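Since the structure comes first, as structure tokens, the remarks are kept for the end.
The values are calculated or read from the model by the stated rules, or taken from the named source; none is laboratory data. Computed from a prediction, not measured in an experiment: that's the story for all the values here. Quick reminder, even Gly has a Cβ in these numbers, built from the backbone with ideal geometry, and neighbours come from all protein chains shown. With ligands, DNA and RNA removed, areas are computed over all heavy atoms of the protein, side chains included. Shrake-Rupley method; radii C 1.70, N 1.55, O 1.52, S 1.80 Å.
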Amino acid sequence: MTAVETQVQYSTSYMMTTEDYMHQEEDWDRDLLLDPAWEKQQRKTFTAWCNSHLRKAGTQIENIEEDFRNGLKLMLLLEVISGERLPKPDKGKMRFHKIANVNKALDFICSKGVKLVSIGAEEIVDGNVKMTLGMIWTIILRFAIQDISVEETSAKEGLLLWCQRKTAPYRNVNVQNFHISWKDGLALCALIHRHRPDLIDYSKLRKDDPIGNLNTAFEVAEKFLDIPKMLDAEDIVNTPKPDEKAIMTYVSCFYHAFAGAEQAETAANRICKVLAVNQENERLMEEYEKLASELLEWIRRTIPWLENRVAEQTMRAMQQKLEDFRDYRRVHKPPRVQEKCQLEINFNTLQTKLRLSNRPAFMPSEGKMVSDIANAWKGLEQVEKGYEEWLLTEIRRLERLDHLAEKFKQKCNLHESWTAGKEDLLAQKDYESASLMEIRALMRKHEAFESDLAAHQDRVEQIAAIAQELNELDYHDAATVNARCQGICDQWDNLGTLTQKRRDALERVEKLWETIDQLYLEFAKRAAPFNNWMDGAMEDLQDMFIVHSIEEIQSLITAHDQFKATLPEADKERMATMGIQNEIMKIAQTYGIKLSGINPYTNLSPQDISNKWEAVKHLVPLRDQMLQEEVARQQANERLRRQFAAQANVIGPWIQTKMEEIGHVSVDIAGSLEEQMNNLKQYEQNIINYKSNIDKLEGDHQLSQEALIFDNKHTNYTMEHIRVGWEQLLTTIARTINEVENQILTRDAKGISQEQLNEFRASFNHFDRKRNGMMDPDDFRACLISMGYDLGEVEFARIMTLVDPNNTGVVTFQAFIDFMTRETAETDTAEQVMASFKILASDKTYITVEELRRELPPEQAEYCISRMTKYIGADAPPGALDYISFSSALYGESDL
């Protein structure tokens, strides 16, 4: 802003009294009479001062007493420095025309409160030098010096005080007046260096070089400050007392030049502050959008992986899936939990900063609201829970399938071993050439076989039942199982058919035979069931089992003990059966019968019975060992259950207690917010230090899962409960700390005392009936009424839109504080920013790119240029920008 424009801006702020002007006129007359040499200095200075303003109108004067005689340039000078229009001048060249024009100028001066003494139009028209210089000095006093005001001093005293303040830090400078204090030129150089240190190197100036100092100041002021050279260095140095009015006129130009620069700097600083706040808010918005997008993208990629329920065919593959899921829980998810928490904190901090800077609330892109992210996170956790349950169910299923498949294989092997050769045996026609004894023997043998066949019926049914269960559980090799089962069933049907045919044949020839060896028959009948019993016992002793608790293994041990209790009775049966064989041998020896050594009724020999009996006795201790090993494993599992339960029963209540303590701290009004913040920080550190207990519990949980422990009767807490509680605790402490930080930010920004904040907290707590840090609308209305608000329905609805813009149905303490302090906030407004831009634009309704780059730092200048729209108006130069709409847009308002 130029000196003239500054003068015009302040021209109406102060009026000198008539006596002040009379005193100035008397001084002027007396000074001229005392030292006529000053006339030369005044003539040069006043001429340069007038030309500094007339050049703006495209003209100038050469001789001050001649060029003002017709009054035209005098009227033009007054219009330029005052910014007002004077009456239309007379265009004639006669003397009375000139007098009329001069009188119009003098009347305008008088209209500004200046009383002209001994100065008439005729003297000016006649070219009276003293009167002309006196008139110009009066104009300078009124329009250049009168409006100077520094700490309740004005005009000459104000200008002198301003010079003293600005030059006080400089060596060899002591401004006490407007004559000899300026002779060495250091005072002028100090003024320039104080405001523009880049133009003069003050350390190189010497007091003994006054002419060099003065010329340096004159040249720099003319070149860089647009202050014309009004004095000659030689005249000042060679005059014992330089002309005071000339010095005051020249120095006043420095005041207006630098005062305008300071005002522009203040305006620029205000704009920079506003733009810096806006840039920071935009950076936070972009960071929120980036973090929200990345978190939502991670959730979008993770959910399909968790929804993939394609089961593996082997236990090893499914356990690898479980290990991958554990890695996801331990490694991949925790950083995302922290990102989610940080995202909520950034969002709350951004909203608080926007409220404090009087900006509109931040609305994230569609689908990226905090509630959207919370919903997506909730969906992720639901899918995650379902995936874990599916994994455990599949592992149990595969475990059951492996057990059934091995059992099916074992029973099939036993059955196929028993049926081997049976079809060929049944198809024989040996009875056609047999003797009566042999026929009867064959008949008895066949009856024993039928008995054996009936005993094996249960095994065939068990094989079919196991095959059916494997199919129902979707066993991966069901085709092989079905083929083998079908082969056994077909063979069994064929055995039944062959057995019936052989019986029919033997019965047809049975009447041909009369003698039968009862002892062989009795042996066969007793040996066959005993042999079947031993087969069953061996099968049971080798049977595989799966248990999940000590109770189940104890049940198996009890059953085994009961089996061992039957061994003495079985041994008696064995001895009775072997006794029959002994009786046969005795009869043979007694009667000299030569035995063939083959029992015609059975393929079982006494040696077979003895061998199987020894095998049964050998399997019993092996079975004992297997059961005891399983007892040890189940006891180890029980220890793992108790170890996990002992920790979980401590950690679970600890988390709940910390949640309640944090809730109490957040509503406690005792102490300052900083004390609450310190308490919360201490809670947060304690919680972080407690993380090792959670990790240890995770390790015990992993050991339990690796041991295939899926239930625990010693605690109601599962690892999922502990994880969810831990994540809620971390989120709650972070959110509570953020709320207190926002309260401190609100308190400091809005000037709320600790006592006021405690009163607000006490009122809020009193009406927070649920003690959850939120009031419903009815409680909020009651709170406002208790504080003296007279609320109608319309006014209350308006207030609710301020404290609950998202229609959540509750009022938080932060929203309550914002409402209670909203009216007292002292923040920048669109009008203030607009006024600052107007100063930089020299009162124009537009601003140019050059003005922005000159007045603002480069970063803020380019920021404005990139966002301001083109100004539409006939009076604007090309490239002019609209700062009014830009200021409104900063605060979310329409153009003012």
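Which of (1) surrounded by fewer than 17 Cβ atoms within 10 Å (Cβ to Cβ); (2) within 60 Å of the chain's Cα centre (by Cα) does residue 556 not meet, given it meets every other one? Against the list (1) surrounded by fewer than 17 Cβ atoms within 10 Å (Cβ to Cβ); (2) within 60 Å of the chain's Cα centre (by Cα), residue 556 comes up short only on (1). Filtering the stretch 850-874 to residues that are at pLDDT below 85 and in contact with a Ser or Thr (Cβ under 8 Å, 6 or more places away or on another chain) leaves only 873. Can you find a residue that is more than 29 Å from the chain's Cα centre (by Cα), part of a loop (DSSP other than H, G, I, E, B) and not charged (D, E, K, R) anywhere in the stretch 762-776? No, the stretch 762-776 contains no residue that is more than 29 Å from the chain's Cα centre (by Cα), part of a loop (DSSP other than H, G, I, E, B) and not charged (D, E, K, R). Only one of the numbered conditions (1) under 26 Å from residue 444 (Cβ atoms); (2) open to solvent by less than 50 Å² (accessible area, probe 1.4 Å); (3) out of contact with any Leu (no Cβ under 9 Å at 6 or more places or on another chain) is not met by residue 537, and that is (3). Could you please let me know if residue 733 is within 30 Å of residue 385 (Cβ to Cβ), touching an Asp or Glu at 6+ places or on another chain (Cβ under 7 Å) and not in a loop (DSSP other than H, G, I, E, B)? So residue 733 fits the description; yes. Within the stretch 404-424, residues that are under 28 Å from residue 474 (Cα atoms) sit with their Cβ atoms under 6 Å from residues that are in a loop (DSSP other than H, G, I, E, B) and open to solvent by 20 Å² or more (accessible area, probe 1.4 Å), at 6+ positions apart or across chains, in these pairs: 406/544. All conditions in (1) touching a helix residue (DSSP H, G or I) at 6+ places or on another chain (Cβ under 9 Å); (2) touching a residue at least 24 places away in the same chain (Cβ under 8 Å) hold for residue 73, with the sole exception of (2). Apart from one condition, residue 377 fits all of (1) among the hydrophobic types (A, V, I, L, M, F, W, C); (2) open to solvent by 30 Å² or more (accessible area, probe 1.4 Å); (3) at pLDDT 85 or above; the exception is (2). The set of residues from the stretch 44-79 being over 21 Å from residue 218 (Cα atoms) and open to solvent by less than 30 Å² (accessible area, probe 1.4 Å) comprises 64, 65, 68, 71, 74, 75, 77, 78.
Under the condition of being within 30 Å of residue 241 (Cα to Cα) and either part of a helix (DSSP H, G or I) or among the hydroxyl-bearing types (Ser, Thr, Tyr) (or both), the residues counted in the stretch 38-73 number 21. The set of residues in the stretch 790-820 that are assigned to a loop (DSSP other than H, G, I, E, B) and under 26 Å from residue 745 (Cα atoms) comprises 804, 805, 806, 807, 808, 809, 810. Restricting attention to the stretch 850-863, the residues being open to solvent by less than 30 Å² (accessible area, probe 1.4 Å) and not aromatic (Phe, Trp, Tyr) number 5. The residue pairs whose first member lies in the stretch 617-643 and is at negative phi, whose second member is acidic (Asp, Glu) and open to solvent by 30 Å² or more (accessible area, probe 1.4 Å), and whose beta carbons are closer than 7 Å, counting only pairs six or more residues apart or on different chains, do not exist in this structure.
Say whether the condition of being modelled with pLDDT of 85 or more and either open to solvent by 70 Å² or more (accessible area, probe 1.4 Å) or hydrophobic (A, V, I, L, M, F, W, C) (or both) is met by at least one residue in the stretch 660-674. Within the stretch 660-674, not a single residue is modelled with pLDDT of 85 or more and either open to solvent by 70 Å² or more (accessible area, probe 1.4 Å) or hydrophobic (A, V, I, L, M, F, W, C) (or both). Checked against the criterion of being over 26 Å from residue 63 (Cα atoms), surrounded by 19 or more Cβ atoms within 10 Å (Cβ to Cβ) and within 59 Å of the chain's Cα centre (by Cα), the candidates 147, 184, 201 yield just one match: 147. Scanning the stretch 350-403 for residues that are outside any helix (DSSP H, G or I) and either farther than 29 Å from residue 290 by Cα or touching a helix residue (DSSP H, G or I) at 6+ places or on another chain (Cβ under 8 Å) (or both) yields a count of 9.
When the stretch 91-116 is limited to residues that are free of Cβ contacts under 8 Å to residues at least 12 places away in the same chain and not in a helix (DSSP H, G or I), the one that is nearest to residue 143 (Cα to Cα) turns out to be 91. Helices (runs of 4 or more DSSP H) fully within the stretch 409-511 that include at least 2 residues being closer than 24 Å to residue 602 by Cβ and open to solvent by 70 Å² or more (accessible area, probe 1.4 Å): 436-455, 478-510. Restricting the first member to the stretch 548-571 and to residues that are over 15 Å from residue 630 (Cβ atoms), and the second to residues that are among the aromatic types (Phe, Trp, Tyr) and part of a helix (DSSP H, G or I), the beta-carbon pairs closer than 8 Å and six or more apart or on different chains are 570/530; 570/533; 571/613. For the stretch 107-138, residues that are open to solvent by 10 Å² or more (accessible area, probe 1.4 Å) and not polar (S, T, N, Q) total 17.
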